[in-house]
Each structure stands twice: as structure tokens, then as C-alpha cells.
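Below is one structure, written out as C-alpha cells; the observations come after it.
The values are calculated or read from the model by the stated rules, or taken from the named source; none is laboratory data. Source: prediction; values computed, not measured. Cβ sites come from the backbone with ideal geometry, for glycine too, and all protein chains shown count toward neighbours.
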Amino acid sequence: MSTSPRQGEAKPDAMEDAGTERFLAGELAQQVQFLTARARGRGSGHANQMLAPLGIKVRHYSVLSLAASGLKPSQRELGEFLALDPSQIVALVDSLEELGAVQRETDPRDRRSKIIVATDAGVELFEKARQILLESEDVTLGTLSARERKQLRTLLLKIAF
């Protein structure tokens, strides 16, 4: 059975490129919210695929990164910084706790609150995941020069904070 296109049919890549080119001419492709959402989706999707063997996703990595940072964030602080609601943070911390990557400790600043700290296994997981995310970032940002990547980070920091 032949996998080449029938006469008059475009190759799948050519069809995708033609559709993309056609849509790039539209107004949507110029809207910042659409572009940032699409870029985030592509980046997170690729990173999640690469992180799958570790049993975590990008959101888990974000929590784990802060837990491994030595900053001892509370669950509330994690939610605020990561722009996630409390139930999302609880679910992420619960799953990282099940993996043995983090533990909840009483916050010495407020005994009613819990801080999230990485365990030794969590620090090891963080280092593996960090390397994977750096590799994923290289793929996702592969069309950008080092200067453009730095500029992108600067602009995103201005927007995000």
C-alpha cells in the first residue's frame, strides 16, 4: 500500500503549511492573547511529554521547583505566585507528596499554615526534571537566537509581574 498522496492531493505537510499560512493572514494571528496561549500550549505540551517518564507535568515542576528552592513557600504563596487556585495547589502538592518529592511542614511564621519543602528524593526529581525542561525549551525556542530568547524572557517578566 502506497503512503504517497494520490494525484492532485497535497502532501500532509504541505496541507498543514498551506492552512497555517492562510490563517496567519487573519486577525487572530496578530492577537497577543492568542499568540501567548498558543506558545504556552506548544511549550507545555512538549515539556509534559518529556516529563511523563518522571510521572509529573509542568505544573508539578513549578511547585517542586519552588519547594526545592529553599524559600519554604506556604501553599497560599504557591497559589499566588503560580496564579493557581487553592484546590489546584492542594492537588499538586498531594500528588508530589505521594511521589515522596515534597512534604508539608508547619510554617514557623504562622502555625496554622503549611510550608512545602522538597525531600531528598524531591531534589533529585527536580534536578532531572529541570534538565528535561531545559532541553524542551531548546526545542520550543529553537527558532530564536540567544538574544531573542533573552528579550522574550525580559518581555514576559514585564507582562507576568
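What to note about this one:
- Lone unmet requirement of (1) modelled with pLDDT under 95; (2) assigned to a helix (DSSP H, G or I) for LEU35: (1)
- Answer from ARG112, ARG42 - the residue that is closer than 19 Å to ARG153 by Cα and out of contact with any Gly (no Cβ under 6 Å at 6 or more places or on another chain): ARG42
- Top-ranked residue in the stretch 65-103 [being among the charged types (D, E, K, R) and assigned to a helix (DSSP H, G or I); ranked as nearest to the chain's Cα centre (by Cα)]: GLU80
- Looking only at residues of the stretch 149-161 that are over 22 Å from LEU64 (Cα atoms), surrounded by 10 or more Cβ atoms within 10 Å (Cβ to Cβ) and of a type in the set (A, V, I, L, M), we find that the one that is farthest from the chain's Cα centre (by Cα) is LEU155.
- Every residue from the stretch 75-105 that is farther than 25 Å from LEU134 by Cβ and buried (at least 18 other Cβ atoms within 10 Å of the Cβ): GLN75, GLY79
- Taking the criterion of being under 21 Å from VAL123 (Cα atoms), in contact (Cβ under 8 Å) with a residue 24 or more places away in the chain and in a helix (DSSP H, G or I), the residues of the stretch 38-61 that qualify are ALA47, MET50, LEU51, LEU54, VAL58, ARG59, HIS60, TYR61.
- Taken together, SER74, SER69, SER113, SER87 contain a single residue that is at pLDDT 95 or above, in contact with a strand residue (DSSP E or B) (Cβ under 7 Å, 6 or more places away or on another chain) and closer than 27 Å to PHE161 by Cα, which is SER74.
- If you go through the stretch 108-161 and keep only what is assigned to a strand (DSSP E or B), in contact (Cβ under 8 Å) with a residue 40 or more places away in the chain and touching a helix residue (DSSP H, G or I) at 6+ places or on another chain (Cβ under 7 Å), you end up with LYS114, ILE116, VAL117, ALA118.
- Pair list, Cβ under 6 Å, 6 or more apart: the stretch 76-91 residue touching a residue at least 60 places away in the same chain (Cβ under 8 Å) and closer than 13 Å to ILE116 by Cβ, other residue among the small types (Gly, Ala, Ser) and not in a helix (DSSP H, G or I): none
- Restricting LYS128, LYS150 to those that are basic (Lys, Arg), at pLDDT 95 or above and closer than 23 Å to SER95 by Cα reduces the list to LYS128.
- Filtered residue count, the stretch 106-148, keeping only those that are over 17 Å from GLY43 (Cβ atoms) and either surrounded by 12 or more Cβ atoms within 10 Å (Cβ to Cβ) or within 22 Å of the chain's Cα centre (by Cα) (or both): 19
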